[in-house]
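*Asks:* The structure follows.
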Amino acid sequence: MAERTASNELRVAVAGLGSIGTKIATALDQGIEGLTLSAVAVRDPAKHQKLLGSLRRPPSLLPLDQLGDAADIVVECAPSSQLRAIVEPAVKRGRAAVVVSVGGLLDNFDLVDLARANGGRILVPTGALIGLDAVNAAAIGTIHSVKMVTRKPIDGLKGAPFIVANNIDIDNLREPLKLFEGTAREAAKGFPANLNVAVALSLAGVGPDRTQVQIWADPTVTRNVHRIEVESDSARFSMSIENVPSENPKTGLITALSVIALLRKQRTTLSVGT
Ligand SMILES: NC(=O)C1=CN([C@@H]2O[C@H](COP(=O)(O)OP(=O)(O)OC[C@H]3O[C@@H](n4cnc5c(N)ncnc54)[C@H](O)[C@@H]3O)[C@@H](O)[C@H]2O)C=CC1
Ligand SMILES: O=C([O-])CC(=O)C(=O)O
């Protein structure tokens with residue numbers, strides 16, 4: 001991250017101003033120590049006029065592939081179909097890319113090599129999950145197994161390719177239904193907008209083919225619930241998180257906050273947690 005603003009602030013660009021991106025852009029505009037919102041990319045500028053007009057220091061409005069020209073850190077907050085278009089030009093320029101559509105990374109893993117070759121970085125936040133600090137630490141030793149069970153309300157799962165392909169009717173469920181059991185890699189394919197967390201967990205731990213995932217459609221819950229269980233040579237732990245859905249029912253409110261916390265860590269003097 002060589003280039004800085006005159007005041008030595010890191011410049012941050014946000015790609016996609018939906019549920020997550022809007023909160024990150026707003027937080028940056030309101031002030032995060034050492035960081036400045038330099039640019040945003042949106043699909044439909046007219047839709048975002050009100051937000052952009054309300055910012056104290058309006059960022060440049062740029063195409064996705066130019067964000068890395070204007071920023072040291074590019075934050076991807078768009079659908080996973082846009083992941084490559086956002087991350088590739090940024091890491092080619094040696095920038096850091098924060099990736100929230102982490103499920104999309106599995107099919108674009110060459111981006112990690114591209115980043116390495118150009119001095120760029122790819123940062124995956126804990127996002128809507130919990131405990132990746134402990135998983136990272138355990139992975140320094142030997143992890144024997146990682147399991148995750150996700151329960152989501154019906155609205156948090158509607159339209160997932162796995163449900164559509166298998167013609168599963170979840171609209172009239174009265175009790176929890178196990179939809180899927182398999183690896184994080186398979187979960188990411190079947191539930192691309194719902195299971196980013198499984199992929200983040202897998203990348204922190206034993207990889208997408210050894211991380212076991214169950215997905216339940218659960219009409220009895222109102223939150224997106226994720227429970228992880230890890231068995232390793234240093235510790236055994238299980239943790240769960242119950243996420244309040246945002247305006248986008250597939251996305252927990254804590255996701256944007258996790259990215260903001262990660263951004264803060266890039267410049268804070270006191271940094272807590274791995
Ligand atoms: N890592 C994690 O823990 C989590 C990741 N996610 C993922 O984060 C991503 C964003 O989630 P949300 O903000 O809830 O989605 P959203 O649907 O609310 O927002 C996405 C935004 O991207 C914009 N967009 C689409 N194509 C674009 C383009 N070509 N250029 C610029 N903008 C474009 C859309 O107009 C929309 O405003 C999704 O892929 C989602 O699956 C969601 C929750 C947790
Ligand atoms: O829990 C959430 O809010 C979102 C989620 O599962 C994901 O995208 O992985």
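*Asks:* Name the residues in region 207-263 that are touching a Gly at 6+ places or on another chain (Cβ under 7 Å), within 15 Å of ligand 2 (Cβ to nearest atom) and under 27 Å from residue 109 (Cβ atoms), would you?
*Replies:* 211, 213, 224, 228, 239, 243, 248, 250, 255, 258
*Asks:* For residue 26, indicate whether it is open to solvent by 10 Å² or more (accessible area, probe 1.4 Å) and either outside any helix (DSSP H, G or I) or away from ligand 1 (no atom under 12 Å from the Cβ) (or both). Walk me through how you get there before you give the answer.
*Replies:* Working: open to solvent by 10 Å² or more (accessible area, probe 1.4 Å): yes; either outside any helix (DSSP H, G or I) or away from ligand 1 (no atom under 12 Å from the Cβ) (or both): yes.
Spelling it out, residue 26 is indeed open to solvent by 10 Å² or more (accessible area, probe 1.4 Å) and either outside any helix (DSSP H, G or I) or away from ligand 1 (no atom under 12 Å from the Cβ) (or both).
*Asks:* Of all residues in region 226-240, which are over 19 Å from residue 187 (Cα atoms) and in contact with a strand residue (DSSP E or B) (Cβ under 8 Å, 6 or more places away or on another chain)?
*Replies:* Within region 226-240, 231, 232, 233, 236, 237, 238, 239 qualify.
*Asks:* Still on this model: Go over the candidates 82, 66, 30 one by one and state the one that is of a type outside the set (Phe, Trp, Tyr), within 16 Å of ligand 2 (Cβ to nearest atom) and at pLDDT 95 or above. Working first, answer last.
*Replies:* Working: 66 fails: within 16 Å of ligand 2 (Cβ to nearest atom); 30 fails: within 16 Å of ligand 2 (Cβ to nearest atom).
On inspection, the qualifying residue turns out to be 82.
*Asks:* State yes or no: is residue 122 within 19 Å of residue 206 (Cα to Cα), modelled with pLDDT of 95 or more, touching a strand residue (DSSP E or B) at 6+ places or on another chain (Cβ under 9 Å) and not in a loop (DSSP other than H, G, I, E, B)? Explain how you work it out, then say what you get.
*Replies:* Values: within 19 Å of residue 206 (Cα to Cα): yes; modelled with pLDDT of 95 or more: yes; touching a strand residue (DSSP E or B) at 6+ places or on another chain (Cβ under 9 Å): yes; not in a loop (DSSP other than H, G, I, E, B): yes.
Yes, satisfied.
*Asks:* Where the second residue is more than 16 Å from ligand 2 (Cβ to nearest atom) and open to solvent by 30 Å² or more (accessible area, probe 1.4 Å) and the first is within 17 Å of residue 30 (Cβ to Cβ) and lies in region 255-271, which pairs have Cβ atoms under 7 Å and are six or more apart or on separate chains?
*Replies:* So the pair list comes out as 264/33; 267/33; 268/33.
*Asks:* For region 167-187, enumerate the residues that are open to solvent by 80 Å² or more (accessible area, probe 1.4 Å) and not charged (D, E, K, R).
*Replies:* Initial filter on region 167-187 (open to solvent by 80 Å² or more (accessible area, probe 1.4 Å)): 167, 169, 171-172, 174-175, 178, 181, 185-186.
Within region 167-187, 167, 172 meet the criteria.
*Asks:* Right, here's the next one. Somewhere in region 200-216, is a residue open to solvent by 40 Å² or more (accessible area, probe 1.4 Å) and of a type in the set (A, V, I, L, M)?
*Replies:* To start, the set of residues in region 200-216 that are open to solvent by 40 Å² or more (accessible area, probe 1.4 Å) comprises 203, 209-210, 212, 214, 216.
Those still in the list that are of a type in the set (A, V, I, L, M) too: 203.
Checked against the condition, which is being open to solvent by 40 Å² or more (accessible area, probe 1.4 Å) and of a type in the set (A, V, I, L, M), region 200-216 yields at least one hit.
*Asks:* Tell me which residues, restricted to region 217-249, are within 16 Å of ligand 1 (Cβ to nearest atom) and either of a type in the set (S, T, N, Q) or buried (at least 22 other Cβ atoms within 10 Å of the Cβ) (or both). Spell out how you get there, then give the answer.
*Replies:* Within region 217-249, the first condition is being within 16 Å of ligand 1 (Cβ to nearest atom), and the residues that meet it are 223-228, 239-249.
Passing the criteria: 224, 226, 228, 240, 243, 246, 248.
*Asks:* Moving on to the next point. Which condition does residue 153 not pass, out of (1) at positive phi; (2) in contact (Cβ under 8 Å) with a residue 60 or more places away in the chain, if it passes all the others?
*Replies:* The number of the failed condition is (1).
The values are calculated or read from the model by the stated rules, or taken from the named source; none is laboratory data. Computed from a predicted model, the values in this text were never measured in an experiment. Because the Cβ atoms are built from the backbone with ideal geometry, glycine has one as well, and the counts that use them run over all protein chains shown. Just the protein is used for accessible areas: all its heavy atoms, side chains included, with ligands, DNA and RNA removed. Shrake-Rupley method; radii C 1.70, N 1.55, O 1.52, S 1.80 Å.
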